[in-house]
Amino acid sequence: MLWFKKIRATGTLDSQTVLLLVFLGVLVVLISVLTQGRILHARSLQALAFQLPVLGLLVLAQLAPMLTGGIDLSLISTANLAGIQAALILTSFSGWYAVPLAIIAGLVTAVMVGIFNGAVVSGIRVPPFIVTLGTMILVRGIALSITKGRVIAGFPREFLFLGGNTLAGVPMPFLIFLACALFLAVLLKQTAFGISTYMLGSNLIATTFSGVKTSSSLLRTYVLSGSLAGVAGVIMASRFNAVQADFGGAYLLLTVLACVLGGVNPAGGFGKVSGVLIAIIILQITATGFTLLGLSAHLANALWGIILLSSIGIKRAVSVRGAEIK
Amino acid sequence: MLSNLRLKKLFRHTELYLLVVLILLSALISFLNPRFLCSENLFDLLRVSAFIGILALGQLIILISGGIDVSFTAVAAVAQYIMGFVIVQHHIDSIVVAILLPIAIGSVLGLFNAFLVYYTKVHSVIVTIATLNVFHGMLVFLSGGRWIHNLPVTFRNFSRIKLVELVNERGVSYGLSVLVGFWILTALLTWFILRYCAIGRKVYAVGGNPEAARRAGINILRVQLFVFTSMGALAGLASFVQAQLAQIIQPNAIVGRELDILAAAILGGASVYGGSGSVFGVILGVLLVSVIRNSLILLRIPAYWHQVVIGLIVIGAASLMAYQRKMRDRRASGSVVV
């Protein structure tokens, strides 16, 4: 019976992927026709690969907490604080060690925020929505008090390499993003920690009684989320050559939107890196396409909302029909 | 023993904690800077809080029903912009239209949210993230991001109306703004509906246990329609108040603050799991946020720190409540706690 259930489970996940691929296909065709193929030029694709990683990494960071049925609202604040930490080191040291030190310090800062979130969520069992809402405000406040609301800009060329250079024509940030996605996919699918993440989201009590250390798994989920936000923060700093306490606030709810569009169940337990990757590409291709067409980025925002609503609607219609057939 | 028990029962209420914190904080600040307690400062504090206060009341109703709405800032922005556009374009010099029009627009958008949440059966936070993008994206696209200045005369003069008028020692008159009156009226109305009307009790029932409420014969769709339309209407009213305070209408002024306003409602004891929360608590939550901001200004501490303080308070308060619940569960179940 178990193998049957397994096939059925993969079957439903596949229908989500199929739906997403259809969406993506329609969009690519539509935008190619409208832009007369300009979206498929090497230059447009390269621009797309430069723009995608920041949102992409933040969405990957949102994925793990959402799989456990939680959420991380502090992602953007964490990314900004990591960038600011890196910037502080870059502006105060000048030796060869400044760049690696800045990157490490940025990541460590983000991991520390993750540990804090994870400790409060797993130790005191405060709902993740409230904890991370509090951390979002707290971390943004810390970042604001460090920068006094100003922009810190102008970093050495060795640091800008991360966000602005290409390797064999492929932008560096895109390579980093792919590496992170691959890492996350392997982590979630192949390791005990990854499987416990899914289990936490499907049934917390059953997971506890099956001998999984739920507290440490939850803690690690938020550390993972924090560290990916840290990577995003460092890349943002390098790509924009500037850091600020409240960059990219609009990205926060978009990460949740992208995860749900990618087939992640907001209640936890279901969702794959591959689905989320397609969702990110859908979002970025509309944004880049709209820019090429000279349309407002805000119209792309509206379209993202409509895409999410229609994907929810279609899924709902399919599941209602499925239930009726049974 | 008995008195101890009664005291414990009393102190379980979030409102009392908040009130104690608020009083202690106010005492401390007025000790450091006596200007805090003068009525001029307090009136100003209330005036500035009215906008967030009204929005937090709407959010309270949604939170009690077990939902979360993050699209209300976009709803407010849309309602405000259309109102401004209509009264400037058609030279409608009427304050009644300026108040009722955004409320009507907000209600319609709220209705739209309600139907989506009910029929998709997806958690309202997800649905409203989508509608937030749709509403705001369309607004900025269609308006081209243009600001609306030169609002009509009555609109400009309305914000100067005072409910109570006093004169300070320098001979300058000041008073309690009429905008605070909107907040007080909405609070009374919300309190009355939630406490004494059938629909208000149903909101608590649905939030406490939706399945039990459905089996008891409560029409869930009607409750959803009520909560989201109320939020929309209050977002419309709040957008009027914000336009009065700013005297300029910008499509980007309100959106982006949704989570900070949500935090004020949660600070007031509204549960994100639904079923609990009170008007009094949410008012105290909003006041606490405003008092902290105001006191930092009076104490000449850089304003950036106020977010650090509020973040810490949100985490601390939530941790305290969760810890108490954990202890209670442990006592109740005896041994295993998940």
Could you work out, for chain B, what percent of all Cα-Cα pairs fall into each 10 Å distance bin, beginning at 0 Å and stopping at the bin that holds the largest distance? 5, 23, 31, 25, 11, 3, 1, 0
Built amide H within the under 5 Å cut-off of A:T166, gap 5+: A:M172
Each residue of the range B:51-58 in turn: what ³J(HN,Hα) in whole Hz from Karplus with 6.51, -1.76, 1.60 and θ = phi - 60°, glycine and Pro shown as x? 4, 5, x, 5, 4, 5, 5, x
Partner shielding of B:118-129, as the mean number of partner chain Cβ atoms within 10 Å, equals 5
In square nanometres, what is the average projected area of the Cα convex hull of the protein assembly as shown? 34.5 nm²
Whole-Hz ³J(HN,Hα) for each residue in the range B:194-202, computed from phi via Karplus 6.51 cos²θ - 1.76 cosθ + 1.60 with θ = phi - 60°, x for glycine and proline: what do you get? 5, 9, 10, 8, 4, 4, x, 5, 5
In what sequence, highest mean first, do A:178-189, A:302-313, A:48-59 appear when ranked by Cβ atoms within 10 angstrom? A:48-59, A:302-313, A:178-189
If we sort A:204-211, A:220-227, A:273-280, A:159-166 on the protection proxy, mean other Cβ atoms within 10 Å, highest first, what's the order? A:220-227, A:273-280, A:159-166, A:204-211
Along the dipole axis of the range A:88-223 (charges at Cβ: +1 for Lys and Arg, -1 for Asp and Glu; origin at the Cα centre), the most positive-end residue among A:L133, A:T109, A:T208 is A:L133
Inter-chain shielding metric for B:317-329, i.e. average beta-carbon neighbours from other chains within 10 angstrom, reads 4
Taking only C-alpha pairs under 8 Å that are 6+ residues apart, what is the relative contact order of chain B in percent? 32 percent
Packing-based ranking, highest mean first, of B:53-65, B:204-216, A:130-142 given that Cβ atoms within 10 Å are counted: B:53-65, A:130-142, B:204-216
What is the diffusion coefficient of the range B:223-338 in µm²/s, taking the Kirkwood radius over Cα pairs and the Stokes-Einstein relation at 25 °C with a viscosity of 0.890 mPa s? 145 µm²/s
Find the Cα radius of gyration of chain A, compare it with 2.2 N^0.38 Å by division, and give the number to two decimals. 1.02
With x for Gly and Pro, the residue-by-residue ³J(HN,Hα) of the range B:130-140, computed from phi through the Karplus equation 6.51 cos²θ - 1.76 cosθ + 1.60 at θ = phi - 60° and given in whole Hz, is 5, 5, 4, 5, 5, 4, 6, x, 5, 4, 5
Projected area averaged over orientations for the range A:1-150, convex hull of C-alpha atoms, nm²: 14.5 nm²
Any chance you could list P(r) for the range B:1-159, counting all Cα-Cα pairs in 10 angstrom bins from zero, rounded to whole %? 9, 25, 26, 23, 14, 3, 1
Do the alpha carbons of any pairs in A:K315/B:K326; A:K213/A:K315; A:K315/B:K202; A:K189/A:K213 sit beyond 27 Å of each other, and which pairs? A:K315/B:K326; A:K213/A:K315; A:K315/B:K202
In the neighbourhood of B:L63 defined by beta carbon distances under 14 Å, the net charge of the other residues (Lys, Arg +1; Asp, Glu -1) is -2
Averaged across the residues of B:90-102, what count of C-beta atoms belonging to other chains lies within 10 Å of each residue's C-beta? 0
Quick one: net charge of B:S319's neighbours, Cβ under 13 Å, K/R +1, D/E -1? +3
Evaluated at 25 °C with a viscosity of 0.890 mPa s, what Stokes-Einstein diffusion coefficient in µm²/s does the range B:174-267 have when Rh comes from the Kirkwood expression over alpha-carbon pairs? 158 µm²/s
Rg followed by Dmax, in Å, when the range A:127-205 is reduced to its Cα trace: 18.9, 51
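FYI, it's all coordinate maths here, none of it is from the lab. Keep in mind it's a predicted model, so treat the numbers as computed, not measured. So basically every Cβ, Gly included, is an ideal-geometry build from the backbone, and we count neighbours across all protein chains shown.
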